[in-house]
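In what follows, a structure is listed as structure tokens, so that the remarks can point back to it.
The values are calculated or read from the model by the stated rules, or taken from the named source; none is laboratory data. Note that the structure is a prediction, hence the values are computed from the model and not measured. Ideal geometry is used to build each Cβ from the backbone, glycine not excepted, and the neighbour counts take in all protein chains shown. Quick note on the areas: whole protein, heavy atoms, side chains included, nothing else; ligands and nucleic acids left out. Shrake-Rupley method; radii C 1.70, N 1.55, O 1.52, S 1.80 Å.
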Amino acid sequence: MNHRVGNYAFSLFVVSLAGYQGRSENAAAATPEYRLRFFHTHTNERLDIVYRRGATYVPEALAALDHYLRDHRTGDVRHFDPRLFDLLHDLIASLHDSNSEIHVVCGYRTLWSNEVLRTRSAHTGVARHSLHLLAEAIDIRIPGIPPSMVRDAALALHRGGVGYYGASDFVHVDLGRVRRW
């Protein structure tokens, strides 16, 4: 092989490798990050977290979210279905305020906590077989946005159950069948 041709081929390989690395870095920079910001109304904890990059969920972030959304009465933790976080992300986006902080009224509930709430009075609206027990539901409010607007936006997504508790100033969203109350 001619020395000059060999150097030219090597130079092309280096340039093409540099171009490939540049595309890889650009692709990583273009990968969308899915961020949620929370304030828990019972624990006063805040969480600002990227839970997904592109199509890949971040395991450490999901573990942090599971802990954050634990039953605040017992401290018990259950793994949340990450599709609930996608639902919240899309809900916030549909309200045209991706920087909104979601105020968590209730995340996961143990059977004990659910029964305490359910039997508190006849009109609590707490279901015996609540999806909170499966870590597939969350009760929220978004400061500055009326709960009726949050409800309407959640209903428009057609992605699960939506409960409206106007008197208590929160909305329930879950991953169950599409329904409303």
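Structural remarks
- With protein chains left intact and a 1.4 Å probe, residues in the stretch 42-163 average 49 Å² of accessible area per residue.
- Heavy-atom accessible area, probed at 1.4 angstrom with all protein chains present, ranks Thr31, Thr110, Thr56 as Thr56, Thr31, Thr110, highest first.
- Estimated from the Cβ-Cβ distance and a Förster radius of 30 angstrom, the FRET efficiency linking Asp48 and Thr119 is about 0.25.
- Computed from point charges on the beta carbon alone (+1 for Lys and Arg, -1 for Asp and Glu), the dipole magnitude for the stretch 56-99 about its Cα centre is near 140 Debye.
- Label-to-label distance for Asp90 and Val178 is 1.0 nm, based on points extended 7 Å past Cα in the beta-carbon direction.
- Across the stretch 167-181, computed HN-Hα scalar couplings (Karplus, 6.51 cos²θ - 1.76 cosθ + 1.60, θ = phi - 60°) run 5, 9, 6, 8, 10, 9, 10, 8, 9, x, 5, 5, 7, 8, 8 Hz from first to last residue, x flagging Gly and Pro.
- For the stretch 64-181, pairs of C-alpha atoms spaced more than 16 angstrom apart make up 58 percent of the total.
- Contact order, relative form, for the stretch 126-177: 40 percent (alpha carbon pairs under 8 Å, 6 or more residues apart, mean separation divided by residue count).
- Lys, Arg +1 and Asp, Glu -1 on Cβ, resulting dipole of the stretch 56-168 about Cα centre, debye, nearest 20: 460 debye
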